[in-house]
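Okay, structure first, notes after.
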Amino acid sequence: MEVWPRTILLATDGSEDAALAARAASNLAEKTGAELHVVHVVRYLPPHAYADARPKGYEELYHKQVKELLDEQVRLVEAEGGKDAKVHFRVGSPVAEILRLAQELAVDLIVVGSRGLGRWKRLTLGSVSEGVVYHAPCPVLVLRGGNEVWPPSRIVVGEDSSDDAQRAGELAASIGTIFGANVVLVRAYVEFPEISEEVRVSEGILTLEDALRYQERELEERASALEREVGVPPQVRLSEGYAAAVIAAIVEEGGEPTLTVVGRRGLGTLDRLILGSVSSKVMRVVKGPVLLAPRKRGSC
């Protein structure tokens, strides 16, 4: 199995979720030997309430506070085992600057907190995390849920037979190997699994039972392929219901730290059942960390 990730970019804003993201990023860097970068983005120098009465040194004080924030984040990273993290400070649109830096560094993984909750919340993250997720060409790990959610001992993967879902499974296998976590492949369907007419004819699929057996075989094949990579057979779950709700329910039933991994959008025959717009729903309904995977291998 390829070593993944090799380069990590942690986007931080000093919030509670960003602190959790720092923990996860440094943890991954420590276990994989990945190069770790930390970035903080501010939109602009916030205006003083009374522009004409701006105190002397106002700009210097502001940048000093930003530096203190970055220094604190680096201390958090080092405390979690992340060594020699490289620090970056950018001014501009948070999404654009994070993605621009990720491309410059050719990172394999971007790590962000789900939302800003501290005094810097208006500067970055929050909705920025979604902007990064849906525009980054590389995987994005979004952290939330408190200290007990990381590291994961269980990984739930949304599976819909698309290329995105296949890449999600590969990334889940990589993380499962790193942390010794169990992997669960989940496929959801509503009323009747969507299967192409060509497959229905060639496989003789006439009833719901036929369709479910076919879906189960496909899931087992995916599981077998991942088993060859991780050495442990993933569990498989085929459940009726809307994808995001099914995934969230399976995540919650484990009662243990769980990472959810989904493709950013489904492109296979089942794309309307799982991923695609479902990935954004998963981001909203799943309480723990979520890893969003593009279909292609490679870096930003």
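The values are calculated or read from the model by the stated rules, or taken from the named source; none is laboratory data. Nothing here was measured: the structure is a model prediction, and the numbers come from that model. With ideal geometry, Cβ positions are generated from the backbone for all residues, glycine too; neighbour counts draw on all protein chains shown. Just so you know, the surface numbers come from the protein's heavy atoms only, side chains and all, with ligands and any DNA or RNA stripped out. Shrake-Rupley method; radii C 1.70, N 1.55, O 1.52, S 1.80 Å.
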Next on the checklist: Among the numbered criteria (1) open to solvent by 20 Å² or more (accessible area, probe 1.4 Å); (2) assigned to a helix (DSSP H, G or I); (3) touching a strand residue (DSSP E or B) at 6+ places or on another chain (Cβ under 8 Å); (4) at pLDDT 85 or above, which one does V251 miss?
Outcome noted: (1)
Item to check | Failed criterion for G57 (all others in (1) within 24 Å of L291 (Cα to Cα); (2) at pLDDT below 90; (3) among the small types (G, A, S) hold) | outcome: (1)
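Any residue at all in region 86-93 that's charged (D, E, K, R), assigned to a strand (DSSP E or B) and either surrounded by fewer than 16 Cβ atoms within 10 Å (Cβ to Cβ) or touching a helix residue (DSSP H, G or I) at 6+ places or on another chain (Cβ under 7 Å) (or both)?
Restricting attention to region 86-93, the residues satisfying the condition of being charged (D, E, K, R) are 86, 90.
Adding the requirement that they be assigned to a strand (DSSP E or B) leaves 86, 90.
Now drop any that are not either surrounded by fewer than 16 Cβ atoms within 10 Å (Cβ to Cβ) or touching a helix residue (DSSP H, G or I) at 6+ places or on another chain (Cβ under 7 Å) (or both), which leaves 86, 90.
For region 86-93, residues charged (D, E, K, R), assigned to a strand (DSSP E or B) and either surrounded by fewer than 16 Cβ atoms within 10 Å (Cβ to Cβ) or touching a helix residue (DSSP H, G or I) at 6+ places or on another chain (Cβ under 7 Å) (or both): present.
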Checklist entry - Quick check: is even one residue across region 270-284 open to solvent by less than 30 Å² (accessible area, probe 1.4 Å), at pLDDT 85 or above, outside any loop (DSSP other than H, G, I, E, B) and more than 17 Å from A173 (Cβ to Cβ)? => result yes
Checklist entry - When region 143-160 is examined, which residues are found to be at pLDDT below 90, assigned to a loop (DSSP other than H, G, I, E, B) and surrounded by 24 or more Cβ atoms within 10 Å (Cβ to Cβ)? => result E159, D160
Item to check | Residue selected from region 183-240 under the condition open to solvent by 40 Å² or more (accessible area, probe 1.4 Å) and under 18 Å from V251 (Cβ atoms), by the criterion modelled with the lowest pLDDT | outcome: E240
Checklist entry - Residues of region 1-38 being at pLDDT below 90, among the β-branched types (V, I, T) and within 20 Å of S129 (Cα to Cα), which ones? => result T12
